[in-house]
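Notes to accompany the following structure.
Where a number appears in this text, it was derived from the coordinates with a stated rule and is not lab data. Values in this document were obtained by computation on a predicted structure and should not be read as measured data. So basically every Cβ, Gly included, is an ideal-geometry build from the backbone, and we count neighbours across all protein chains shown.
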Amino acid sequence: MSERVTNILLVGVGGQGILLASEILSETFMLAGYDVKKSEIHGMSQRGGSVVSHVRYGKEVFSPLVPEGEGDILFGFELMETYRYLPLLKKGGAVVVNDLEISPPSVLMGQETYPQGLSEKIRERFPDFLLVDGQGIAKEAGNPRAANTVLLGAVSRRLDISEKYWMQALEKMVPLKALEVNRKAFQLGREFQG
Amino acid sequence: MREIISGNEAIARGAYEAGVKVASAYPGTPSTEILENIVHYKEIDASWASNEKVALEVGIGASFAGARALVAMKHVGVNVAADPLFTLSYTGVKGGLVLVTADDPEMHSSQNEQDNRNYAKFAKVPMLEPADSHECKEFTRIALELSEQYDTPVFLRTTTRISHSKSIVTFAEPVRDLPVPALVKNAAKQVMLPMNARVRHPLVEERMKKLSSAANSMAINRMELRDRTVGIITSGVCYQYVREIFPQLSTLKLGMVHPLPMDMIRQFAAAVDRLFVVEELDPFFEEQIKAQGIEVSGKDFLPICGELTPERIIKAFATKGIVTNSGSFLEEAQIPKETLPGRPPNMCPGCPHRGVFYVLNQLKAYVTGDIGCYTLGFLPPLSSMETCVCMGASIGNASGVVKVVSEEERKTVVAVIGDSTFCHTGINGLMDMVYNKVPATVVILDNRITAMTGRQDNPASGHTLSDEPTHRMELADLCRAIGVRHVRVVNPFDLEETRKALKEEMARPEPSVIITDKPCILVKRVGVFLRGPLYSVDPEKCTGCRACLKIGCPAIQWLPNEGVRGVSRIDPTLCTGCDVCRQLCTFSAIGRAK
């Protein structure tokens, strides 16, 4: 078991299912025998605001927040939010991001434009970069709503955790009727290499 | 059994393991999930109170009858409960009573960031502060034990980062053999007439002295001596940050933050070369330690405002020449430089509040606001809220404004308040308005739920915390009983009806109430609300006038490069068919999707 603490940041837009994804991550790490902490803000941000969830695991974890500049993986559910939170990563950190743009109110109203070329800008800064068509691959698995599980699969490849713990966590957290699709979505995400 | 759970879930588990019989709360971020989890333990009578004062009074009654009780609220809720709290300190308890105060440094979801440790000192009540979920569970039990042992209510203080962070907790079996609650008359201890209260006050002082002395040997206060060049006194989540960034330094972790273990602090101060306090918000420890003549440093280099984070602590300690190897900050080139569009929270598509604020904006109303999702009516493009102070303040604020402005300005003043907030402390404001004949208009946005905190039931929703049907208080009847002669109910999705009602009532030279009667779009209870047919924009008819963008609906998007001068588009996955945008389109470009 690794002594050092691994830091994962999940970022996106309120309502995208980020909290559930971070729950599955934490559950997996606990099942694998690690100490785990996670933190995020509920409340106002749920109304379509920007969301950050911190998940940390290792032999012993103190702070529930990832110290700035120590993120190992930035797990993005939306492109602009991923770009916004890049400073949380460490040098050489990895980015796994859903290929999705969600316009904030000012863009919807035509007052600002959604920034262009974000995935290239992220890749330039962080070469360890994986852009995932979450919805597309989830459709292949049988339900476009399983996009978050595809992303989890893609993130799982970068973590030294046995596959059986991921499966146990999915079984615990996902409703039975959706389990098969989510298992498949996870596998497709895990195999996806860009 | 080990589970990874939040601080709030752990407090609920702690209440169960400690044999709590009654739990009461008013929802408020970051405390809400405590009762939402306690309700799953069938052994506990758990309920939403109409406000925090009532919640505490329910807890006091249960305690007087001999049961263990838990009362939970957010930090500002303690302001509402302060009246019973200060006298409860004198009466003491029979069954243990724990009052959870969930503070919100950084104001993630609050109107101020008051440090409720001050209440412990002010009300002369001990306070415990856990540093992770396991401690949340354990400290809940310890608080109840101390409560009975010292005949006092006990505060359990969390912060957002403790309430909403998850960590691993080991479960235990619930305690057995607690006394069975029963009525035992003990009037002199519980009737706080001056003659009785005068007897109680010295006992309070004596109790706090005993607790001060006992604090020095309590296991929840822990001296951890490592490298003795620097010692840090800290508590709560700050303890975790300090251990994270200075694993080699000595710490004194305070589990009881009031009263302080002064002998232990003196011993720690003597054992280290330099002494610091790391605490969020007020210099609560620091001032008391300095008052003992101990040299210590804290708020001279750490911020008072906002929450502390690992990086804020690292930066502050760097100014003292104490550095950490933590944090491999990025190179300049890696950090994005451009300003990105912000992503503020927004009312949901199909929110019944949106049309009301659109109309208020059109009528150039001076809106005194209140606490709830509808406070977002402050944000553009609705931009129609001028005040928001605390729960229930809108109505009293409107009365005060009306008393001093001209007759013309008077006609623009409208108080806006939600159903839950009205039940909480708005009713009193309306009584005052009628009693004192203040001619202002009150809009009660009745969406049948306490929406902002995540949809909790309330006295006007018709359901209890355990989802049982109950009497649904009729707001219109209540307003009439208070003496409002003009009470009307409108459909907030009908802009014309809403506008007409507002114009007429705002002009009326006496108090009036308008109640909107459409539920929160997120209320899932069957039969309450069904989604209407969805809408779409006909790009041939859309002239690009942008009128539909003035309601700030997340389902409507402006496409600048289409049509002659741009067109609007409605996202079918977000549209709820509320119909408000259709009413704004003078070119009939918006209609039911085909």
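Return B:His108, B:His471 ranked ascending by Cβ neighbour count within 10 Å, so the fewest neighbours appear first.
Listed from fewest to most nearby Cβ atoms, that is B:His471, B:His108.
Can you give me the C-alpha center-to-center distance between the range A:150-194 and the range B:166-228, rounded to a whole angstrom?
So the separation of the two Cα centres works out to 48 Å.
Could you state the orientation-averaged shadow area of the convex hull built on the Cα atoms of the protein assembly as shown, in nm² to one decimal?
Result: 35.8 nm².
If you average the alpha carbon positions of the range B:1-54 and of the range A:83-110, how far apart do those two centres end up, in angstrom?
Their Cα centres are 36 Å away from one another.
By per-residue mean of other Cβ atoms within 10 Å, what is the highest-first order of B:191-202, B:176-187?
B:191-202, B:176-187
List B:Lys524, B:Lys541 from most exposed to least, where exposure is judged by having the fewest other Cβ atoms within 10 Å.
B:Lys524, B:Lys541
For the pairs B:Lys74/B:Lys94; A:Lys172/B:Lys166; B:Lys21/B:Lys210, note any where the Cα-Cα span goes beyond 23 Å. Display every interim value, and only then the final one.
On the way: B:Lys74/B:Lys94 25 Å; A:Lys172/B:Lys166 17 Å; B:Lys21/B:Lys210 28 Å.
Beyond 23 Å: B:Lys74/B:Lys94; B:Lys21/B:Lys210.
Suppose we take every Cα in the range A:99-150 and form the convex hull; what volume per residue is that in Å³?
Enclosed volume per residue, from the Cα hull, is 99 Å³.
Give, to the nearest whole percent, the P(r) tail of the range B:271-390 beyond 24 angstrom, counting all Cα pairs.
Here the long-distance tail beyond 24 Å is 58 percent of all Cα pairs in the range B:271-390.
Under 14 Å from the Cβ of B:Val175, count the other residues' Cβ atoms, weight Lys and Arg +1, Asp and Glu -1, and hand me the total.
-1
Determine, for B:Arg312, B:Arg207, the number of other Cβ atoms within 10 Å of each Cβ, and report the residues in order from fewest to most. If you can, show how the numbers build up before the last one.
On the way: B:Arg312 16, B:Arg207 20.
So the ranking, lowest neighbour count to highest, is B:Arg312, B:Arg207.
Given labels modelled 7 Å from the Cα in the Cβ direction, how far is it in nm from B:Glu206 to B:Thr319?
About 4.7 nm separates the two model spin labels.
Kindly provide log₁₀ I(q)/I(0) values, in the same order as q = 0.14, 0.19, 0.25, 0.26 Å⁻¹, from the Debye equation applied to equal alpha-carbon scatterers of the range A:114-194.
-0.50, -0.80, -1.13, -1.18
May I ask what percent, to the nearest 5, of DSSP beta bridges between residues of the range B:2-215 are antiparallel?
20
Per-residue HN-Hα couplings for the range B:500-517, Karplus 6.51 cos²θ - 1.76 cosθ + 1.60 at θ = phi - 60°, whole Hz, x for Gly and Pro?
Along the range B:500-517, the couplings run 4, 4, 5, 4, 5, 6, 5, 6, 5, x, 7, x, 8, 10, 10, 10, 8, 10 Hz.
Give me the number: length gained by fully extending B:Asp477 to B:Phe587, i.e. 0.36 nm times residue separation minus the C-alpha to C-alpha distance, one decimal in nm.
35.5 nm
Taking each residue of B:306-318 in turn, how many C-beta atoms of other protein chains fall within 10 Å of its C-beta, and what is the average?
Other-chain Cβ atoms within 10 Å of each residue's Cβ, averaged: 2.
Provide the net charge surrounding B:Thr251, with neighbours chosen by a C-beta distance below 10 Å and charges set as Lys +1, Arg +1, Asp -1, Glu -1.
Result for the local shell: +3.
Give the longest segment of chain B that steers clear of GluC sites (Glu not before Pro) in DSSP loops with at most 12 neighbouring Cβ atoms within 10 Å, not counting the sites themselves.
In short, B:44-294.
Please report, largest first and rounded to whole Å, the three semi-axes of the ellipsoid equivalent to the range B:535-592, where each semi-axis is the square root of five times an eigenvalue of the C-alpha gyration tensor.
Here the semi-axes work out to 16, 12, 10 Å.
Could you work out, for chain B, what percent of all Cα-Cα pairs fall into each 20 Å distance bin, beginning at 0 Å and stopping at the bin that holds the largest distance?
Spelled out bin by bin, chain B gives 18, 44, 31, 6, 0 percent.
Would you calculate a helix-derived [θ] at 222 nm for chain A, using -39,500 (n - 2.57) for each DSSP H run of n ≥ 4 and dividing by the full residue count, to the nearest 500?
-11500 deg cm²/dmol
Could you grab the relative contact order for chain B? Cα pairs under 8 Å, six or more apart, rounded to a whole percent.
Here the relative contact order equals 10 percent.
Counting residues in the range B:11-139 as N, plug N into 2.2 N^0.38 Å and put the Cα Rg over that result.
0.96
Taking every alpha carbon pair in chain A, what does the distance histogram look like in 10 angstrom bins from 0, in percent?
Bin by bin from 0 Å, the calculated values are 9, 37, 39, 13, 2, 0.
Any number yet on Rg/Rh for the range B:441-547, C-alpha, Kirkwood?
So for the range B:441-547, dividing Rg by the Kirkwood Rh gives 1.07.
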